[in-house]
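K.L.:
Dumping the structure here so I can ask a few things about it.
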Amino acid sequence: QVQLVESGGGLVQAGGSLRVSCAASGSIFSINVMGWYRQAPGKQRELVATITSGGNTNYADSVKGRITISRDNAKNTVYLQMNSLKPEDTAVYYCYANVRTIATRIERTFWGQGTQVSVSS
């Protein structure tokens, strides 16, 4: 129905940069909010950043000034540019999208499979 595919994770040294992407495809009528959560080992999943279709953004305090969320509405893709990475940013990063499908026009949340970001000290 709707698939979210993430890419761009990997291993980087502390202070480095990484960009992860998430492309939505399938039976999409419209997408409202897109965003990223992350989950570190032994910790609860936490919100990283969100962005509306109009470009309004929201960030967790822990990433403000280091991480930037953006999206390309024409490509149904959301990006997370991560700079000045710290070991505590190590986690699996999950994207999500609030999508109205063509069939129902009812908004539902869809999730990506997750991409690992590891930051070495």
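K.L.:
Leaving out ligands, DNA and RNA, and with a 1.4 Å probe, what % of the accessible surface on region 49-101 is carbon or sulfur? The partial results should precede the final answer.
P.N.:
Working: 960 of 2330 Å².
After summing per-atom areas, the C and S share lands at 41 percent.
K.L.:
Given 10 Å bins starting at zero, what is the percent of C-alpha pairs of region 79-121 in each, up to the one with the largest pair distance?
P.N.:
24, 37, 23, 14, 3
K.L.:
I would also like to ask the following. Mind jotting down the distance between the C-alpha centroids of region 11-38 and region 40-83, whole Å?
P.N.:
Going from one Cα centre to the other spans 7 Å.
K.L.:
For the chain, what does the equivalent ellipsoid look like in terms of its semi-axes, each the square root of 5 times an eigenvalue of the Cα gyration tensor, given largest first in whole Å?
P.N.:
Semi-axes, largest first: 26, 14, 12 Å.
K.L.:
Right, here's the next one. Hey, could you get me the Stokes-Einstein D for region 18-69, Kirkwood radius over alpha-carbon pairs, 4 °C and 1.567 mPa s, rounded to whole µm² s⁻¹?
P.N.:
Approximately 103 µm²/s, per Stokes-Einstein.
K.L.:
In square angstrom, what is the accessible area per residue of the chain with a 1.4 angstrom probe? Before the final figure, lay out each step's value.
P.N.:
On the way: 6200 Å² over 121 residues.
In whole numbers, the chain has 51 Å² accessible per residue.
The values are calculated or read from the model by the stated rules, or taken from the named source; none is laboratory data. Since the model is a prediction, treat every value here as computed from it, not as a measurement. The area values use the complete protein model at the heavy-atom level, side chains included, leaving out ligands, DNA and RNA. Shrake-Rupley method; radii C 1.70, N 1.55, O 1.52, S 1.80 Å.
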